[in-house]
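A quick write-up on the structure given underneath.
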Amino acid sequence: MTSKYISSFGTMRPPKREVGMSKASTSIPEFHTALLNSKRILALCGAGLSAASGLDTFRGKGGMWRNYRATSLATPEAFENDPGLVWLFYALRRHQALNAKPNMAHFALAELARQKGEEGFQCLSQNVDGTPPTLLSPPHTNPLGLSQRASHPPSQLKLLHSTLFNLKCFNDSCTYLDIDNFTDPLCPALTITPENIETRLAPAAKSMHNHLDPRRPKAIPEDELPHCPSCETGLLRPGVVWFGEALPSETIEGIDEWIEAGESVDLILVIGTTATVWPASSYVEIARRFGAKVAVVNMDDGELGSASDLREGDFWFQGDAAVLVPQMLEPVVGDLKQFKELAA
C-alpha cells in the first residue's frame, strides 16, 4: 500500500470515545444546506449500510461477530488454525449477500454518484458484499453486490476490503485467483442451513479451549474444504482483506489521486460504521485535513473512533441508514420513488 496519507494498516485502532454530539447538528434542513454547498463529497460506508438488507453488522449490537473477537477470527492465523470455522463464517456471509436486495441507502448513494459525477463524489466501502467494479464479468448476468445492484457507477465505488466473491490460494507461493465466484455453496460442507452450522460448530462450542488453540476441535475437516485447483495442495480462502493485511494498493492510490485532484473535500458521510478499524477510518481525519465537514449516520452512539470528535458544523444522525440517507440526500437525488419497489 503506497498511500501518502496512510502509513500503517491492520488492527491499529484509536481509543473508543463517546460521540461528541454537543456541537454537532441533528437538523436535516441544516444538512441540506451543507450538502448543496458541497462540490466534492466522500462517503465512508460500513456494515450498517447493508443492515436493512438483512445482512448482519460487523460490530454493532447483535452483530454476527458477537461471539468472537473480529481481530482474532478474520486473520491468516485463525484460518491456518481452523480454516473450517473461518470458512463457515464467510460462507454464511456469502449466502446472505447473494440472497439480499439493496436498500434505499444503496440507491440514494448510487444516485448521488450519478448526479455529482466522478469528480464530485467517491464512495469508499468497507463492506465485502460487493464486486470490484474493475473485475465485473460482462455481460453483468451474475448476482452482483448490493451497491452494484443499485447501479452505483463503478468508477465511484472503492472496495477497501475487497470482496467475498473472490477466492485465492492460502499458499503464499501460489498466485491462483478466482474472480466473481458466486457459487453457493462452494462445497457440501459449507451448505448454509441452521442445522449444518449448529452441527459443525457444536464440538468446538463445547470445548474449553479458545478458538485459536490447536487443541480445540476443528469445525470442518480440511479434506472437505475448497482446495486450490492450481497448486492442488493449498486451501482456497476468501479474497477479503484480513486484519494485518494491506488494503489493495490500486484502490488506495486511486483515492489519493481523487483527494489531491480537487485540493479540497467539502463533506464526508460516515455511514453505518464505527470508524474504529484502521486504516479505513483514517479517511475521516484525512477529509477533515482537506476541509471537510463530517456527517455521521449510525445506529449506535457508544463506540465510534475517528468519527466521534464531532465539531461545530458537523452532523450526527442516529438511526437506520436506509431511512436517513435518502432523506439527507433528497435535495440532490430526489424522492427516489422509482427505486422503492426494487429495494429491501
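Just so you know, all these numbers are worked out from the coordinates, no wet-lab data involved. From a predicted model like this one, the values you see are computed outputs, not experimental measurements. Quick reminder, even Gly has a Cβ in these numbers, built from the backbone with ideal geometry, and neighbours come from all protein chains shown.
Worth pointing out:
- Other-chain or far-sequence residues with amide H under 5 Å of residue 271's (modelled H): 44, 45, 46, 297
- ³J(HN,Hα) computed for each position of the range 51-56 - Karplus, 6.51 cos²θ - 1.76 cosθ + 1.60, integer Hz, glycine/proline x: 4, 5, 8, x, 8, 5
- Computed over the range 229-316, the alpha-carbon pair-distance distribution with 5 angstrom bins reads 3, 11, 19, 19, 17, 12, 7, 4, 4, 3, 1, 0, each value a whole percent.
- Taking label positions 7 Å along the Cα-Cβ direction at both residue 341 and residue 119, the computed distance is 3.8 nm, reported to one decimal.
- Rounded, prolate or oblate (a/c below 1.5 giving rounded, otherwise prolate when a/b exceeds b/c) for the range 232-277 by Cα gyration tensor: oblate
- Phi angles of the range 85-93 translate, via the Karplus equation with coefficients 6.51, -1.76, 1.60 and θ = phi - 60°, into HN-Hα couplings of 4, 5, 5, 4, 4, 6, 5, 5, 5 Hz per residue; Gly and Pro are given as x.
- The slack in the chain from residue 30 to residue 318, taken as 0.36 nm per residue of separation less the alpha-carbon distance, amounts to 102.1 nm.
- In nm, spacing of pseudo-spin labels at residue 223 and residue 299 (7 Å Cα→C-beta vector): 4.2 nm
- When you count the other C-beta atoms within 10 angstrom of each residue and take the mean per peptide, 268-281, 170-183 line up highest first as 268-281, 170-183.
- The H on the amide N of residue 293, modeled in the peptide plane, is under 5 Å from the matching H of 267, 268, each at least 5 residues off or on a different chain.
- Each residue of the range 239-256 was assigned a 3J(HN,Hα) from its phi angle through the Karplus expression (A = 6.51, B = -1.76, C = 1.60, θ = phi - 60°), giving x, 7, 7, 8, 4, x, 9, 6, 5, x, 5, 5, 5, 5, 5, x, 5, 4 Hz with x at Gly and Pro.
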